[in-house]
There are 4 protein chains.
Amino acid sequence: MATNKPKLRVGLIGTGFMGKTHVFGFAAAQRVFDLPFEIELHSVADRTDELAAEAARLLGFARASGDWRSLVADPEIDVIDITAPNAFHKEMALAAIAAGKHVYCEKPLAPLPADAREMAEAAAASGVRTQVGFNYLCNPMLALARDMIAGGELGEIRSYRGIHAEDYMVDAAAPFTFRHDPAGGGALADLGSHALATAEFLLGPIVRVMGDAVTVIDSRPDGKGGRRAVEVDDVSRAFLRFASGATGSIEASWIATGRKMQHDFEVYGSKGALLFSQERFNELHFYSSADPAGRQGFRRIEAGPDHAPYGLFCVAPGHQLGFNDLKAIEIARYVEAIAGMHPEPFGFSAGLRIQELVSAVAKSALQASWIDVGR
Amino acid sequence: MATNKPKLRVGLIGTGFMGKTHVFGFAAAQRVFDLPFEIELHSVADRTDELAAEAARLLGFARASGDWRSLVADPEIDVIDITAPNAFHKEMALAAIAAGKHVYCEKPLAPLPADAREMAEAAAASGVRTQVGFNYLCNPMLALARDMIAGGELGEIRSYRGIHAEDYMVDAAAPFTFRHDPAGGGALADLGSHALATAEFLLGPIVRVMGDAVTVIDSRPDGKGGRRAVEVDDVSRAFLRFASGATGSIEASWIATGRKMQHDFEVYGSKGALLFSQERFNELHFYSSADPAGRQGFRRIEAGPDHAPYGLFCVAPGHQLGFNDLKAIEIARYVEAIAGMHPEPFGFSAGLRIQELVSAVAKSALQASWIDVGR
Amino acid sequence: MATNKPKLRVGLIGTGFMGKTHVFGFAAAQRVFDLPFEIELHSVADRTDELAAEAARLLGFARASGDWRSLVADPEIDVIDITAPNAFHKEMALAAIAAGKHVYCEKPLAPLPADAREMAEAAAASGVRTQVGFNYLCNPMLALARDMIAGGELGEIRSYRGIHAEDYMVDAAAPFTFRHDPAGGGALADLGSHALATAEFLLGPIVRVMGDAVTVIDSRPDGKGGRRAVEVDDVSRAFLRFASGATGSIEASWIATGRKMQHDFEVYGSKGALLFSQERFNELHFYSSADPAGRQGFRRIEAGPDHAPYGLFCVAPGHQLGFNDLKAIEIARYVEAIAGMHPEPFGFSAGLRIQELVSAVAKSALQASWIDVGR
Amino acid sequence: MATNKPKLRVGLIGTGFMGKTHVFGFAAAQRVFDLPFEIELHSVADRTDELAAEAARLLGFARASGDWRSLVADPEIDVIDITAPNAFHKEMALAAIAAGKHVYCEKPLAPLPADAREMAEAAAASGVRTQVGFNYLCNPMLALARDMIAGGELGEIRSYRGIHAEDYMVDAAAPFTFRHDPAGGGALADLGSHALATAEFLLGPIVRVMGDAVTVIDSRPDGKGGRRAVEVDDVSRAFLRFASGATGSIEASWIATGRKMQHDFEVYGSKGALLFSQERFNELHFYSSADPAGRQGFRRIEAGPDHAPYGLFCVAPGHQLGFNDLKAIEIARYVEAIAGMHPEPFGFSAGLRIQELVSAVAKSALQASWIDVGR
């Protein structure tokens, strides 16, 4: 596509499912949005030259390398996009920042908060634009919810309940993976991070937490015929205090049989309430006490062109965005931030914040005491 | 109605909304069930002779009295039914038990656990049959849920989430009432008690709790032109540990704008899950991992004759029971227990248990520590 | 219950499920409403003296008879309540009317419109108060819907879709019954009658219909080891024209696998819409174009005290009425009409109207042409 | 993206919303599917050279032209994609077919069946691959529904109800457009065509129809300050007979206030049933009579990798496809058909069929008689 726009050349590290999703997202963002840059899929890195070359062919990158450092060193590349395993995030991101690249990193920023902090501080010091992938927040209905809350449509916010539950770890025969690693694994880190991010997105800063963490399946197949002890949580819960004075709770589970995507919340204010379920994420349910007596009820608002940027995807309401569309919005917002059109929507400092909250909940559960998380 | 059945003569104390509801319930229980007794509405007591006489006329009692003690003393009366204000429950129940009457008492058994304990012990010592009104538990769909759990249809139960939220205290201009009394008031006592009762009904004994209690509206009109400080909770939450090893949470709120009857639960087992909402209490949603791949999903089971005692109310499925029908079931089960057909479904010891759980959650919230509630 | 109210003495003919339901309904109506009469269950008739005596004992009637004519002849009886098989409705009702009794008759008034007409004309000539049991119409949410439509909350009504589908005849092994009788049987008569009644209740008179009628299971066990040909419809549909200018459709099916009580409607006006399902009959969903842009959606209104007479059953919203409560409302409205408090809510002329509509749809289906049904 | 795949060079005519959607779809299909061709956006035509050049720049085409005939004449182009106004479809398609191009044409194939027939016959004679855009049919949940029906999971199919209702014409002040053109306009043509397509997709050929068509808003602003009479339908309905013996109905409305995308169906078989709503198009609700007594109910199946090609978009269930993803599937299936991997999923003959059905329903409504539509 020939345009007069400046180019934004992307170097992708990692070519698994998330790498593919990012590539889709860049392509979709470019087609759907009038971005300030022309995206160029410049280079891709994988573990070997051969794997990288194959990925380049499949994903549409011009160049390939078996060494991610060559991408970081390439002066042509503007953005390093990290979808490699979590354990590599820190090293890659720090190198990229040091090379003056913008860095887009899949969640979690790093398994350990100390590492995440180092990354966030490096990013802040360098001035590059960073992004961590929290795509649920990119749903127009979440923006609507936040705007309604901020605009006072619910009155004073009093209580909140957030959940992120799935069932992909319900089977005790599912093997031990990096997600079970004591350093940064568990349902709270994997899914509770989303629940915490949504809570702060909607209601603002959390200042105190009381956690509860439970390991239900205490060993898993180690891939060598034996079983390996699992120390991370399968279910976690937290009580929350917000800076605004509101209180609430979140729950995370990856053993919630039957649940595929229960990223849900309920917000209760003095004059209204909102209900949301990611299971039907093109809807937001709104109750307003201002409705006349006998006519009050939760109103099912369907996503439509009134809820930007839905209208860029589809001119008519009710047609529905898909999960991959949320990724496109995430990337578009990041690209706009690189151009300075608005602040980073979810930069490394935001990613750090989530890691700190996760860590605080886990620590609180261990200590059985409230922990301050104010910032 | 002439029958050969022995009579069960009821003396009702209190003629407010709950008194009326109980009378409906006795009448409906008698018509719907083949009870072991013929119910006789024998006497009613209210604060004055005049009020009692008027209530007798309206509600269909043969006799009336301005002194509840005369009912307790009347040798013709078999059951004392207490729907007077909570503060009187203890005195009335102890007198009735001492007189050898069966006692049916609206919830809460008593605002303070110590009083509830005294009542439960007196009942146990005397051998009379007692009942506390927890009518949500009388829903055939809750019996179905319990049976499915007990029968292993969900596999090993892992986690639980219970809620009881309404919005009748959302308005800060709503006056201070007995429900705000520091001794026994609050959302946890009023609504959380139901959430706790349902949790134990389904999953068995809770052994530990960690509570969270929040006062949102800290003063209310005192009825004299001023405002009175409110110390009780508007929203409470608890983490739960069950004797079975399952963990869970409950939440209670009476300021959940838009919610009229959110007595909901979710139960997750190793092989299945159940979802329930009192907002649609003739339904139970069941997910079974045993369903074939690609055909799995939450199944909306509608109440019908397969779910006793629904069939006594209606021969066809899907026609739906109403709230008052649950009260009729509650009373029928109690009358059957008086006849020795089965144990007390929810006697004073059960009522005490709920008060203890409520008290433990409140204390835990105050102390910010886990509290044992094993029995 | 001793009152100063005049008595209304009921003579019930027929003691099957519907007879029992009526007795529940009279008892509940008396308790819930402040009726203008004191209801007395005076006499009951069944096929033999023995059956009647047993029914009297179980249902609470003072007297019993094996001959329904003795009830009609009894000067003490004010209301004859007919729950006998459809084939007897005409003879019984005409005799009761001739004897000056008020007559309450289960639906259908009579299988054949000509008979229904004779009954309606006799009732009109005599001046007695009559009622045909169309209890879905007694739901407060249907009254709400009608009021909203009449009050212009939806603007000009443009289109309507009504359904009544169940699945009790889905099994081809279910035996031939009176419901399959060519004279008056079929899904349209049994269930479509409800769909038609609701359509006119909400939108006013239908003036033209085009029908479609299908026999799916063309023979059923005859109870003697063979099969008997079925001529009546299992599924029927109709296009509708209303006097108001609105158009619509209804469908009736008794072979709708999985449907237990799909008595549903959708009404679309120029400014709003309503959705209703009897499967969740304590809810009405309302869309208003007057809601602000980006905040529009179907609003789930839950039944509550704002929707009379719900408040007589329960003081709090969201607790829900049951099917039997609708019967109590039906009876209360009839008893009030007998006292002259308001016109008959659904008298024999209304029952005739439904039979005429049913008949017109069936005839239209047979002729494959539109039929006028204006009145 | 460099591949060894043969190229498929696309020439797009028309650059409005649908043109943009097609370009998104080609790009997404290429990224998500392993297509047999490499798609090349070769040329785009618009009304003027300038418009075309601008579209080429925005949409990523290499060449542009103000004359669509130059694309048809270009030997490099393999596929002509027509998203121009309906009135031009015939001329463009016939020219493209004559030039040996594959032709992808937005619905409707042509406003008038005679024109559609000429196009289908030309396509059949030439052997090129054609496609008409019926993207609702590309939903994996519709494929699931069809497979379940075909596989006998519902038993013998007895009845069907289909709807396509939206509200974009509800405002009488909305201007007269080509959609109101007496030659091919109306709700039935625009939306009923989808309802009819889905009906045949699921249940096989329709053989007879009885129609009902209503004009509600009989004039609309003509854009010159006056109003122009509207002759086309705002609401249409039809009774259906299927070759299989099943019967059913469809309804189409573009004035269904509050409905944004009610493309719904219900299918009832002798052993099961399916419910679907495009408002939640990642779900299919399945009732099976084979479930145990007391455990039966409609099961909410969420789209996931078990339902191809969902897994190509997302590896986890419950994440949900969006409307634009359905377009990608539509295009992928067409590209595969061009490569001979399977028959045309919805070629011109299928497009003609829908136009014939639409025309038959309209004619039937006018004649008030059943019309044969067997093929």
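Just so you know, all these numbers are worked out from the coordinates, no wet-lab data involved. Predicted, not measured: the structure shown is a model, and the values here were computed from it. We place every Cβ from the backbone using ideal geometry, glycine too, and count neighbours over all the protein chains shown.
Simple rule: put +1 on each Lys or Arg Cβ and -1 on each Asp or Glu Cβ in region A:263-322, find the dipole, and look at A:Ala303, A:Gly322, A:Ala273; the Cα lying farthest toward the positive end is A:Ala273. With θ taken as phi - 60° and the Karplus curve 6.51 cos²θ - 1.76 cosθ + 1.60 applied, the whole-hertz 3J(HN,Hα) list for region D:6-17 is x, 8, 10, 9, 9, x, 9, 10, x, 10, x, 4 Hz, x standing for glycine and proline.
Given a cut-off of 17 Å, what percent of all Cα-Cα pairs of region B:7-134 lie beyond it? Counting every Cα pair in region B:7-134, those more than 17 Å apart make up 53 percent. Ranked from shortest, the separations from the 7 Å Cα-to-Cβ label point of C:Gly152 to its equivalents in the other copies are 3.2, 6.1, 6.7 nm.
Just need the relative contact order of chain A here, percent rounded to a whole number, with Cα pairs under 8 Å and 6+ apart.
Taking the mean separation of contacting Cα pairs over the length of chain A, I get 20 percent.
Of the trypsin sites (Lys or Arg not before Pro) found in region C:193-297, those in coil by DSSP whose Cβ has at most 13 other Cβ atoms within 10 Å are C:Lys224. Quick one: if the Förster radius is 35 Å, what FRET efficiency do A:Arg69 and A:Ala339 give, using the C-beta to C-beta distance and rounding to 0.05? The calculated FRET efficiency here is 0.80.
Under a model in which nothing but the beta-carbon of Lys, Arg (+1) and Asp, Glu (-1) is charged, the protein assembly as shown shows a dipole of about 0 debye around its Cα centre.
The rotation axis bringing chain A onto chain C passes closest to the chain A residue reported with its distance as A:Arg299, 2, by C-beta distance in whole Å. Each copy carries a label point for D:Asp67 at 7 Å from Cα toward Cβ; from one copy, the others' points are 5.6, 10.3, 11.3 nm away, ordered from shortest. Shape of chain C from its Cα gyration tensor (a ≥ b ≥ c, root eigenvalues): rounded if a/c is under 1.5, otherwise prolate when a/b > b/c, or oblate? Oblate, since a/c reaches 1.5 and b/c is not below a/b.
Anisotropy class assigned to the protein assembly as shown is oblate, per the alpha carbon gyration tensor with a/c at or over the 1.5 cut-off and a/b no larger than b/c.
To the nearest Å, what is the center-to-center distance of region A:1-70 and region A:312-335, using C-alpha atoms only? Here the two parts' Cα centres lie 20 Å apart.
Residues whose amide H lies under 5 Å from that of A:Gly297, counting only those 5 or more places away or on a different chain, are A:Ser288; hydrogens are built 1.01 Å from N in the peptide plane. In nanometres and ascending order, the distances from the B:Ser277 label point to those of the other copies are 0.7, 1.2, 1.2 (point 7 Å from Cα along Cα→Cβ). Which of B:Phe17, B:Phe346, B:Phe323 moves most in a GNM of chain B, Cα contacts under 10 Å? Evaluated over chain B, the most mobile residue of the options is B:Phe17.
Within 10 Å of the Cβ of each residue in C:16-25, the mean number of Cβ atoms contributed by other protein chains is 2. Dipole check for region A:7-135: with +1 at the C-beta of Lys and Arg, -1 at the C-beta of Asp and Glu, and the Cα centre as origin, the magnitude is about 220 Debye.
The mean number of Cβ atoms from other chains found within 10 Å of a Cβ in peptide C:286-294 is 5, as a whole number.
For the residue pairs C:Lys363/D:Lys260; A:Lys224/D:Lys5; A:Lys271/A:Lys363; B:Lys90/C:Lys20; B:Lys5/B:Lys101; C:Lys260/D:Lys363, the alpha carbons lie more than 31 Å apart in C:Lys363/D:Lys260; A:Lys224/D:Lys5; A:Lys271/A:Lys363; B:Lys90/C:Lys20; C:Lys260/D:Lys363. In sequence order, region A:179-192 has phi-based couplings of 5, 9, 4, x, 8, x, x, x, 5, 5, 5, 6, 10, x Hz under the Karplus curve 6.51 cos²θ - 1.76 cosθ + 1.60, θ = phi - 60°, and Gly or Pro positions carry x. With the cut-off at 1.5 for a/c, could you classify region C:296-375 from its C-alpha gyration tensor as rounded, prolate or oblate? Oblate.
A simple rule links phi to the HN-Hα coupling: the Karplus curve 6.51 cos²θ - 1.76 cosθ + 1.60 with θ = phi - 60°, which for region D:138-147 gives 8, 5, x, 6, 6, 4, 4, 4, 4, 5 Hz, with x for Gly and Pro.
Projecting the Cα atoms of D:Ser65, D:Phe33, D:Ala116 onto the charge dipole of region D:7-135, computed from C-beta unit charges around the Cα centre, puts D:Phe33 farthest toward the positive end. Mean separation of Cα pairs under 8 Å and 6 or more residues apart, divided by the residue count, gives region D:203-353 a relative contact order of 11 percent. When the helices of chain D are scored as -39500 (n - 2.57) per DSSP H run of n ≥ 4 and the total is divided over every residue, the value at 222 nm lands at -10000 deg cm²/dmol.
Entry note, region D:93-247: relative contact order of 22 percent, from Cα contacts under 8 Å with a spacing of 6+ residues.
Averaging the Cα positions of each part gives two centres, and for region A:185-228 and region B:97-150 these lie 39 Å apart. Taking amide hydrogens as placed 1.01 Å from N in the peptide plane, the amide H of A:Glu156 sits under 5 Å from those of A:Ser270, A:Lys271, each at least 5 positions away in sequence or on another chain. Taking Cα centre as origin and charging only the Cβ of basic (Lys, Arg, +1) and acidic (Asp, Glu, -1) residues, the dipole magnitude of chain D rounds to 360 debye.
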